[in-house]
Amino acid sequence: MSNPAVPANGVIDAVTSENPAREDKSKLVANKGAQFTSYDVNAFEIPSGRDELWRFTPLRRLRGLHDGSAVATAGANITVSDAAGVTVETVARDDARIGVAGVPADRIAAQAYSSFSDATVVTVASENEVAEPIEITVTGPGADAIAYGHLQIRLEKFAVATVVIDQVGSGTYAENIEFVVDDSAQLTVVLIQDWESDAVHVAAHHARLGRDAVLRHFNVSLGGDLVRVSPTVHYDAPGGDAELLGLYFADAGQHLEQRLLVDHTAPKCKSNVLYKGALQGEAGPGKVDAHTVWIGDVLIRAEAEDTSTFEFNRNLVLTDGARADSVPNLEIETGEILGAGHASATGRFDDEQLFYLRARGISEDAARRLIVRGFFHEIINRIPVPAVRERLDAAIETELAVTGA
């Protein structure tokens, strides 16, 4: 896990051993894993709606995060609960650990990397098993304020921990989060975007797994005006096991976007991706309806023999006008795999389920609630933190009450 040379200002030249020259980045790449990356925001062109990476994102609602006009005016507040064997540090960008999990692959991630003032590093010591969840709260900079952040979670060899990252508050916030999971370590992380209705949040998650490392990554998007989260997983050695699960519930006016890349770069590794989303609410004249975007990319490189992977996205549309875009992609460069597949489904209530429940004396309102809760049950039940499961059950109940579903 070597860290590329990064000067104190966080800006490096776009021409590195890992990246093509700037003038070559527009050329077709061999696969999604070969996409252009750089710490330098100026190495990326200002995105437009014609760019594949941004074609679903309403750029005008990003408040300048994408074009360099969003200058930091405040900072986000990050608090971390105490736990034995866990070290919490505030470090400068020249700390050798920063950036080891991955390099920004889009302009906003590079802008966030170039703009944060200091980073928070949470380290779980080798062979330490943390009994209680480590709770991290990220509070936005406040209404009309702009902030950039950087957070890194590190598990040393044979460490075991569960981390809950709760993102709340108002404002405009762009960040990079790194998950460094060393050999035979096991990390379960639950991220909850429960922003106020004015918030704009763009995040890049970079995960790097060592030999026989295990990552369970849950991402829950509920609040905010616009939320775009981009998790990327890399494997450094055989035996890595990554599971990415997600839940999102969009109301009228909300744009919730998830863009994933699982890059199988080592043999005998596994990945499983399962995201479920619901959409509801008609916006009315002059406003936008609920919109969700899920892009799932899985790449199996030629050297990643004996890979096992599957990805699945399901969307439940509860009202007219709501729009769900779902694009699963699977690239396979070797025939020596154990199994691979992908699927996507978007639809409305199952009329047969509704009829079945109503035929047994259950009201239509109650039946709809049961169907939606059952839809999310598979994801929520896998979260190993009871308090989080209860919170999400309550949040879904509140969402359903908005339209009386």
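Some values worked out for this structure:
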item: Index of the failed condition, Arg63 passing every other in (1) under 23 Å from Ala185 (Cα atoms); (2) surrounded by fewer than 21 Cβ atoms within 10 Å (Cβ to Cβ); result: (1)
item: Residues of the range 72-106 that turn out to be under 18 Å from Thr123 (Cβ atoms), polar (S, T, N, Q) and either at pLDDT below 95 or assigned to a loop (DSSP other than H, G, I, E, B) (or both), as a count; result: 1
item: Scan of the range 377-403 for residues that are in contact with a Lys or Arg (Cβ under 6 Å, 6 or more places away or on another chain) and under 23 Å from Gly253 (Cβ atoms), ordered by number; result: Leu400
item: Some residue of the range 314-329 being part of a loop (DSSP other than H, G, I, E, B), buried (at least 17 other Cβ atoms within 10 Å of the Cβ) and among the basic types (Lys, Arg); result: no
item: Qualifying residue in the range 146-157 (condition: surrounded by fewer than 23 Cβ atoms within 10 Å (Cβ to Cβ), of a type in the set (A, V, I, L, M) and free of Cβ contacts under 8 Å to residues at least 60 places away in the same chain); result: no
item: Neighbours by Cβ (under 8 Å, 6+ apart or cross-chain): first from the range 251-264, closer than 12 Å to Val202 by Cβ and touching a residue at least 60 places away in the same chain (Cβ under 8 Å); second among the aromatic types (Phe, Trp, Tyr) and part of a loop (DSSP other than H, G, I, E, B); result: Glu257/Phe56
item: Meets criteria (modelled with pLDDT under 95 and charged (D, E, K, R)) for Arg314; result: no
item: The range 107-118 - residue that is assigned to a loop (DSSP other than H, G, I, E, B) and either within 28 Å of Ser48 (Cβ to Cβ) or touching a residue at least 40 places away in the same chain (Cβ under 8 Å) (or both) and, of those, nearest to the chain's Cα centre (by Cα); result: Phe116
item: Filter result for the condition that a residue is among the basic types (Lys, Arg) and in contact (Cβ under 8 Å) with a residue 60 or more places away in the chain, over Arg63, Arg50; result: Arg63
item: Tally, over the range 194-215, of residues that are part of a strand (DSSP E or B) and closer than 24 Å to Asp67 by Cα; result: 7
item: Among residues of the range 132-189, those that are of a type in the set (Val, Ile, Thr) and either closer than 22 Å to Gly64 by Cβ or not in a strand (DSSP E or B) (or both), counted; result: 5
item: Hits in the range 178-209 - residues which are open to solvent by less than 40 Å² (accessible area, probe 1.4 Å), more than 18 Å from Ile136 (Cα to Cα) and polar (S, T, N, Q); result: Ser184
item: Qualifying residue in the range 345-355 (condition: at pLDDT below 95, in contact with a strand residue (DSSP E or B) (Cβ under 7 Å, 6 or more places away or on another chain) and surrounded by 14 or more Cβ atoms within 10 Å (Cβ to Cβ)); result: yes
item: Matching residues in the range 167-190 - criterion: being farther than 24 Å from Val41 by Cβ and under 12 Å from the mean Cα position of the chain (by Cα); result: Val189, Val190
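The values are calculated or read from the model by the stated rules, or taken from the named source; none is laboratory data. As the structure is a computational prediction, the values presented were derived from the model and not from experiment. Please note: Cβ atoms are built from the backbone with ideal geometry, for glycine as well, and neighbour counts cover all protein chains shown. All accessible areas refer to the heavy atoms of the entire protein, side chains included, with ligands and DNA or RNA removed. Shrake-Rupley method; radii C 1.70, N 1.55, O 1.52, S 1.80 Å.
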